[in-house]
Amino acid sequence: MELELELEFESRYEINRTAEFIISKSFTRIALQFPDELLKDSTKVGSALKSKTRLLTDREVRFFVMADTTYGSCCIDEVGALHFDADCVVHYGQTCLSPTSVLPAFFVFGKASINVSSCVKHLIDYSSKSDKPIMILYGLEYAHMIPHIREELGLVSKTESLQLKFSVANVLCSFISPSKDPRESMEHPRPYSDSSSRNYRLGGLTWDLPEGSKIEDYLVFWIGSDSSAFANVVLTFNGCDIVRYDAEEDSLVTEFYQQRRILKRRYYLVEKAKDANIVGILVGTLGVAGYLHMIHHMQALISAAGKNSYILAMGRPNPAKLANFPECDVFIYVSCAQTALLDSKEFMSPVITPFEANLAFSRGSEWTGAYLMQFQDVINSVKLESEAHSESEEPRFSFFQGGYVEDHKTNDQAKNGEEDTGETMALARRTAEKALQLKGNDHNLLTKQTTAKSGPEYFLSRAYRGLEINSDNTSPEPYIVGRSGKASGYKHE
């Protein structure tokens, strides 16, 4: 019994395959990255890998366990791994398979259980209601069972003489090597194909469609839980008919009202972001290749729209953290595709994705129904207009202000760096002077709010009251000696 459990454990965490990979690449310092739900098995996995590598090589191979990642656990924590001077990262559990910037990464997706016969039966029963061919997508934890599902589908089709047309996506890879050029890595996963290619890539999966067909012509059959990966599929392929087979509940889910509502809310946030003057760029990853290029692209986009931007790095954002930056009207979350969608209902300001920022800050752009999540697709979806053209643009209509508004241009200040710096320092000095000039009890001027176009302007108009000085006596008061000793018992007590 113990031997069977040990073999099942080694199979689930792919101990043999991982050890052979490490030896084949001559790696000696390995970082093992676990999500919270798998952390209980981390020491056992490390011990098993160490024992296995000793049998395969005389070199000493050291393993380090990483947990509680700064950002999403689906991404490779390159910063944490570099603290150990690691040669490679072995990632366990759910992953977005985003390309890395510095370190190579090996992925162990896990092996979730599934009733193959029941899954195939649900698929066939539902496909009989539609004439569309079927595209089978799945969570990576079910990748090990896809050959069995494909075989079962073939057998049932022959036995029952069914004319079943289906395609199955393949896993993109289980090993990622960083590219020297970040822009090459950014082209790694692409959800939409161009006119000359019918290859699709999304969420670690890849598939090809026949020439002349498109994904909207297919019925998408998802195998897995209602995870962030599935939400990404629903948003990206919002024009497709989608059903989901829940392997844990052994049931078919056909209603996705909540997921469709998310798309409507995202469009609402785009309209709200158009009225923003100060934009915060949240750094949501330090490992996904091309994240710096995306941040620079967002800065250029915001500047061209006549708005000010500030870069903020704070780990995983939450309402308490972002409440420390009330001057920001909207935040752009630059992260991997599976963690980019934040439910910002509890946040003081909305949090949008780079794609939504492109729609909000590119004058004249319209949402066509396509929803892009990958960095390269977002950058290719917009072309920045020249300053001369943007200055001649007419006022736009704001749904929230109920009329036409003009976007204030800040680029004129940027033409002269010295003038821009001088004006910012002047605003900062005026802010400090105003905070100190608290004469009398009349605070009407302090509470009057104006629309700030930058951080210093926001602090200048802040309704800070501080200590109230009710006396006109400006002479200094005599000092008073305070208490001394410990809080548990002061000397005078």
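Return the long-range amide H neighbours of LEU205 (sequence gap of 5 or more, or a different chain), with a cut-off of under 5 Å between placed amide H atoms.
LEU172
Could you pull the accessible area for LEU49 with a 1.4 Å probe, rounded to 10 Å²?
About 0 Å², rounded to the nearest 10.
Quickly work out the GLU37-to-ARG260 label distance, labels modelled 7 Å from Cα along the C-beta direction, and quote it in nm with one decimal.
2.8 nm
Mind listing which trypsin sites (Lys or Arg not before Pro) in the range 118-158 are in a DSSP loop and have 13 or fewer other Cβ atoms within 10 Å?
LYS129
Just want to confirm a number: the relative contact order over the range 242-387, from Cα pairs under 8 angstrom separated by 6+ residues, in percent.
26 percent
Roughly how many Å² of LEU342 are accessible to a 1.4 Å probe, to the nearest 10?
40 Å²
Are there GluC sites (Glu not before Pro) in the range 1-100 that DSSP puts in a loop and that have at most 14 other Cβ atoms within 10 Å, and which ones?
The qualifying sites are GLU60.
In nanometres, what is the gap between the two model label sites at SER213 and LEU162, each 7 Å from Cα along Cα-to-Cβ?
1.6 nm
From largest accessible area down, sort LYS274, LYS491, LYS321, LYS345; use a 1.4 Å probe on the protein chains.
My answer, sorted largest first, is LYS491, LYS345, LYS321, LYS274.
Determine how large the accessible area of THR70 is when every protein chain is in place; take a 1.4 Å probe and give Å² rounded to the nearest 10.
Its accessible surface works out to 80 Å², give or take rounding.
Once amide H atoms are built 1.01 Å from N in the peptide plane, which residues 5 or more positions from LEU341, or in another chain, come under 5 Å H to H?
Those lying under 5 Å, H to H, from LEU341: there are none.
What list of ³J(HN,Hα) values in whole Hz, one per residue of the range 267-273 in order, does the Karplus curve 6.51 cos²θ - 1.76 cosθ + 1.60 (θ = phi - 60°) give from phi, with Gly and Pro shown as x?
Values, residue by residue: 5, 4, 5, 4, 5, 5, 5 Hz.
Could you look at the range 8-58 and say what percent of its accessible area is carbon and sulfur, using a 1.4 Å probe and all protein chains?
Carbon and sulfur together cover 49 percent of it.
Report ³J(HN,Hα) in whole Hz for each residue of the range 324-333, in order, from the Karplus equation J = 6.51 cos²θ - 1.76 cosθ + 1.60 where θ = phi - 60°; Gly and Pro get x.
Result, rounded to whole Hz: 6, 10, x, 6, 7, 7, 7, 10, 10, 9.
Per residue, how big is the convex hull of the range 226-300 when only Cα atoms are used? Give it in Å³.
141 Å³
Calculate the spin-label point distance for THR28 paired with SER113, positioning each point 7 Å from the Cα along the beta-carbon direction, and give it in nanometres.
About 4.3 nm, to one decimal.
Under a 5 Å amide H to amide H cut-off, with H placed in plane at 1.01 Å, what residues pair with LYS165 once short-range neighbours are removed?
Placed amide hydrogens put ILE134 under 5 Å from LYS165.
Report the Cα centroid-to-centroid distance between the range 69-84 and the range 229-294 in angstrom, as an integer.
If we compute the Cα centre of each part, the gap is 23 Å.
Loop only by DSSP, 10 or fewer other Cβ within 10 Å of the Cβ. Give me the GluC sites (Glu not before Pro) in the range 209-292 that pass, ordered by residue number.
Sparse-neighbourhood loop GluC sites (Glu not before Pro): GLU211, GLU248, GLU249, GLU255.
Give the residues of the range 350-378 whose amide nitrogen is closer than 14 Å to a point set 7 Å from the Cα of TYR268 in the direction of its Cβ.
350-351
The values are calculated or read from the model by the stated rules, or taken from the named source; none is laboratory data. Worth saying up front: this structure is predicted, and the values here are computed from it rather than measured. Neighbour counts run over all protein chains shown; Cβ positions are idealised from the backbone, glycine included. Protein only, heavy atoms only, side chains kept; ligands, DNA and RNA dropped before computing areas. Shrake-Rupley method; radii C 1.70, N 1.55, O 1.52, S 1.80 Å.
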